[in-house]
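What follows is one structure encoded as structure tokens, with my remarks underneath.
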Amino acid sequence: MTINLSDYESGAKFRGDYSSTLDTLQERLARILVAHVVHNKRSVVVVEGWDAAGKGGAIKRLTAEWDPRSYSVWPIGAPTEEEKGRHFLWRFWRRLPGQGEIAVFDRSWYGRVLVERVEGLASEREWRRAYDEINEFESQQVEDGTALVKLFFHVTQETQDERLRARLDHPWKRWKVNADDFRNRARRGDYLKALADMFAHTDTRWAPWTVIDGHNKKAARIAALTAVAEALEKHVPMKPPQPSPEIGALARQAFGKDG
């Protein structure tokens with residue numbers, strides 16, 4: 001089914017108790033991370049979207065109850081000189097999670113077919129070839145046992161402008177706004193074309209896209225966390241580990257029969 005971003009612009013408010021629902025989701029996600037650790041599973045969450053669409057806020061709440069020893073958040077910016085001298089996927093291979101870990105990518109390898117395409121940082125031959133390279137890369141991860149969740153946060157130009165202005169008006173948030181935000185804004189039409197091509201080529205059976213309507217922040221966060229939780233629960237056994245006989249014996253020795 002074709003992904004049309006205009007289908008994700010209702011801005012509907014979250015109907016329910018936001019705080020209670022968020023707490024329940026975060027507790028659910030905490031158990032999911034523990035399940036990764038005890039069952040030696042690994043997962044990747046890709047977060048893409050427009051500037052000021054709510055990616056950072058969602059990632060903050062996604063990871064709020066996670067043990068920092070078992071997850072990583074990778075904010076992806078421009079490649080270094082060393083990275084430019086290698087295949088564009090090299091820097092992402094190096095950041096993939098190990099057994100018992102979850103990696104969250106705040107922007108990702110899709111930069112090749114988005115910003116690098118639009119800004120002319122990759123040749124047409126390079127970004128066109130990247131669709132197949134990305135699909136193969138993702139297929140390899142899934143075939144090797146890694147769960148892959150891909151989220152795209154969408155907002156209209158009007159909503160993005162409101163949020164950029166609000167950041168500029170806030171003395172402790174204006175640091176988030178940079179020249180890239182305005183350069184990207186000026187080329188929104190080019191990005192929409194690149195996004196349409198990206199969805200058409202990379203919304204695969206093994207690694208589908210989930211678009212998040214980002215116009216209402218609370219509803220977007222609940223939708224994003226729910227999508228991640230549902231996908232990862234299908235990947236990892238959600239049964240707590242059996243008590244260790246060795247630890248049980250040590251506990252009885254330390255605490256007595258009744259513990």
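The values are calculated or read from the model by the stated rules, or taken from the named source; none is laboratory data. Small disclaimer: the values here were computed from a predicted structure and weren't measured. Please note: Cβ atoms are built from the backbone with ideal geometry, for glycine as well, and neighbour counts cover all protein chains shown.
The table that follows gives values for the structure above.
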| item | result |
| --- | --- |
| Cross-chain or 6+ apart pairs with Cβ under 8 Å, the range 135-150 first and under 18 Å from ILE32 (Cβ atoms), then in a helix (DSSP H, G or I) and of a type outside the set (Gly, Ala, Ser) | ALA147/LEU232; LEU148/GLU138; LEU148/GLN141; LEU148/VAL142; VAL149/VAL228; VAL149/LEU232 |
| Selection status of VAL177, surrounded by 15 or more Cβ atoms within 10 Å (Cβ to Cβ), β-branched (Val, Ile, Thr), out of contact with any helix residue (DSSP H, G or I) (no Cβ under 9 Å at 6 or more places or on another chain) and at negative phi | no |
| Hits in the range 26-73 - residues which are small (Gly, Ala, Ser) and over 12 Å from the mean Cα position of the chain (by Cα) | ALA30, ALA35, ALA52, ALA53, ALA64, SER70 |
| The range 216-228, subset touching a Gly at 6+ places or on another chain (Cβ under 7 Å) and crowded, with 21+ Cβ neighbours inside 10 Å, residue farthest from ASN4 (Cα to Cα) | ARG221 |
| Residues (closer than 17 Å to VAL44 by Cα and either hydrophobic (A, V, I, L, M, F, W, C) or in contact (Cβ under 8 Å) with a residue 12 or more places away in the chain (or both)) located in the range 199-217 | THR202, ASP203, THR204, TRP206, ALA207, PRO208, TRP209, THR210, VAL211 |
| Cross-chain or 6+ apart pairs with Cβ under 6 Å, the range 166-177 first and among the hydrophobic types (A, V, I, L, M, F, W, C), then not in a helix (DSSP H, G or I) | LEU168/VAL177 |
| Among (1) out of contact with any Ser or Thr (no Cβ under 7 Å at 6 or more places or on another chain); (2) hydroxyl-bearing (Ser, Thr, Tyr); (3) not in a helix (DSSP H, G or I), the one test that THR21 misses | (3) |
| One residue from ARG28, ARG15 being outside any strand (DSSP E or B) and at pLDDT below 95 | ARG15 |
| The range 30-47 residues that are free of Cβ contacts under 8 Å to residues at least 40 places away in the same chain, paired with ones that are of a type outside the set (Phe, Trp, Tyr) (beta carbon under 6 Å, 6 or more apart) | ALA30/GLU65 |
| Subset tally (residues that are assigned to a loop (DSSP other than H, G, I, E, B), without any contact (Cβ under 8 Å) to a residue 40 or more places away in the chain and more than 29 Å from GLU126 (Cα to Cα)) for the range 61-115 | 4 |
| The range 194-251, subset assigned to a loop (DSSP other than H, G, I, E, B) and of a type in the set (A, V, I, L, M), residue nearest to the chain's Cα centre (by Cα) | ALA207 |
